[in-house]
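Below you'll find the structure, written out as structure tokens, and then a few comments.
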Amino acid sequence: MHITLVDQSIPFDGLSAATRPLGGAEKAFAALAVALARRGHTVRAFNATPYGTDIDGVRWDPLDARKPPRTDVLIAFRQPALLDFIRLADRRVLWITGPGRLLERAPARAALDSFAPLLLLTSEAQTAGFERRGRTAGLLPPAVAESYRSAEPSPVQPPYAIVTAHPAHGLDGILDLWQSRIHPAAPQAELVLCSTILARAEAGDEAEGALRPVIDRALAARDQGVRIVRPQADPGMAALFAGASVHLHPGHADDMGCFTLMESQACGCPAVVRPLGAAGERVANGVSAYVVPDDDSFANLALLLLTDRALQGVLSREAKGLYRTRSWDNAAMVLEGWIS
């Protein structure tokens, strides 16, 4: 089949995730394109890349490049308005990674009514926000890159917990628990905050006013074991996750991907998770991670995974096993069954 994918966000291509930090949604777009090409399809990806190039069997082109006159399958990424990117398509797919309620907006509903696409969902949580109204929908299986699935868990000593959340999405609460409960009981442990915003602030850049209090608090907590690191490309992030004893994931109600949580689980890193967004779908509660209802549970279980190596090892093995076969090739095979 001739398959065309289109995205209208930031410049990236099939090499970006291996060479620089990239958002989980963008990585998913690139990974699925490559996986479809590996399965023998002719794949073109249009996005904000400034130049055309061929990478791993996928042709990447700028949005203003010449389009094919028709395609067997058009996959519009996140934006319903992209469903008419190519006029003649045998099948159209809208792949959504955000809250389902966004599909209830009038322009989105109009596009869905006009093109009747397959709705490709990222998580079951998305279904809570919109009415399908008879539309066909499919849940893409969770998938992570080989860099994470091939990583070997190697938690270091002294131990560290890793946080990948945006500073506005629960970091203040994690710092509360770290400073009042976790660090006093495990003074040798570190809290590693993986954040571009925090790293830039640490280097002296000005931050947004609303984030200034939590940023200042994180910067002032070095003496309490708080360390700030920049996000990295996939190989570097895999090493960070593999070396961590626990991933602390405060979650956000609108996070329907929880991509870093999948990546850390694939590296064999247990997690302590709040039940927000799709977080509960990305772990096996009580087996590879703990999905907790309150701050007390969050702090107690984070501390336990930082200090009890035997327990940490048990959850690590389960997390690794949970994602061992969750490849993009498998996800592409499932999608292929829906669009053939």
So the check is Cβ under 6 Å with 6+ separation or different chains; which pairs have a first residue in segment 142-156 that's assigned by TED's automatic domain parsing to the domain that holds Q312 and aliphatic (A, V, I, L, M) and a second one that's part of a loop (DSSP other than H, G, I, E, B) and crowded, with 20+ Cβ neighbours inside 10 Å? A151/C267
Scan segment 187-199 and tell me whether some residue there is assigned by TED's automatic domain parsing to the domain that holds V156, over 26 Å from the mean Cα position of the chain (by Cα) and surrounded by fewer than 19 Cβ atoms within 10 Å (Cβ to Cβ). yes
Checklist (1) of a type in the set (G, A, S); (2) surrounded by 15 or more Cβ atoms within 10 Å (Cβ to Cβ); (3) not assigned by TED's automatic domain parsing to the domain that holds H247 applied to A110, failing item: (2)
Consider segment 102-125. How many of its residues are of a type in the set (K, R) and under 22 Å from the mean Cα position of the chain (by Cα)? 0
Scope segment 292-319; condition under 25 Å from E152 (Cβ atoms) and in contact with a Gly (Cβ under 8 Å, 6 or more places away or on another chain); matching residues: S316, R317, A319
Subset of segment 80-107, residues assigned to a helix (DSSP H, G or I), over 24 Å from D64 (Cβ atoms) and of a type outside the set (K, R), comes to G100, L102, L103, E104, A106
Filter segment 67-79 down to the residues that are surrounded by 14 or more Cβ atoms within 10 Å (Cβ to Cβ) and assigned to a strand (DSSP E or B) and list them by number. T71, D72, V73, L74, I75, A76, F77
For segment 67-78, pairs from a residue that is in the same structural domain as T122 (by TED's automatic domain parsing) to a residue that is among the hydroxyl-bearing types (S, T, Y) and not in a loop (DSSP other than H, G, I, E, B), with Cβ under 6 Å and 6 or more apart or across chains, are T71/T4; L74/T4
Filtering segment 23-53 down to residues that are out of contact with any Asp or Glu (no Cβ under 6 Å at 6 or more places or on another chain) and over 20 Å from A145 (Cβ atoms) yields G40, T42, R44, A48, P50, Y51
Close pairs from segment 227-241: first outside the structural domain of A266 (by TED's automatic domain parsing), partner surrounded by fewer than 16 Cβ atoms within 10 Å (Cβ to Cβ) and small (G, A, S), Cβ under 9 Å, at least 6 apart: none
Unique match (being of a type in the set (S, T, N, Q) and part of a loop (DSSP other than H, G, I, E, B)) among Q126, Q188, Q179: Q188
Can you pull out the residues in segment 129-176 that are surrounded by fewer than 18 Cβ atoms within 10 Å (Cβ to Cβ) and not in a loop (DSSP other than H, G, I, E, B)? G129, A137, G138, L139, E146, D172, G173, D176
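Would you pick out the residues in segment 12-66 that are touching a Pro at 6+ places or on another chain (Cβ under 8 Å) and surrounded by fewer than 18 Cβ atoms within 10 Å (Cβ to Cβ)?
If the condition is that a residue be touching a Pro at 6+ places or on another chain (Cβ under 8 Å) and surrounded by fewer than 18 Cβ atoms within 10 Å (Cβ to Cβ), then A18, P21, A48, P50, Y51, G52, P62 are the ones that fit.
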Inside segment 192-212, the number of residues satisfying the requirement of being free of Cβ contacts under 8 Å to residues at least 40 places away in the same chain and outside any loop (DSSP other than H, G, I, E, B) is 9
Kindly indicate the residue of segment 113-123 that is more than 16 Å from L74 (Cβ to Cβ) and not in a loop (DSSP other than H, G, I, E, B) and also modelled with the highest pLDDT among those meeting that condition. L121
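The values are calculated or read from the model by the stated rules, or taken from the named source; none is laboratory data. Since this is a predicted model, take the numbers as computed values, not measurements. Every residue, glycine as well, gets a Cβ built from its backbone with ideal geometry; the counts of neighbours run over all protein chains shown.
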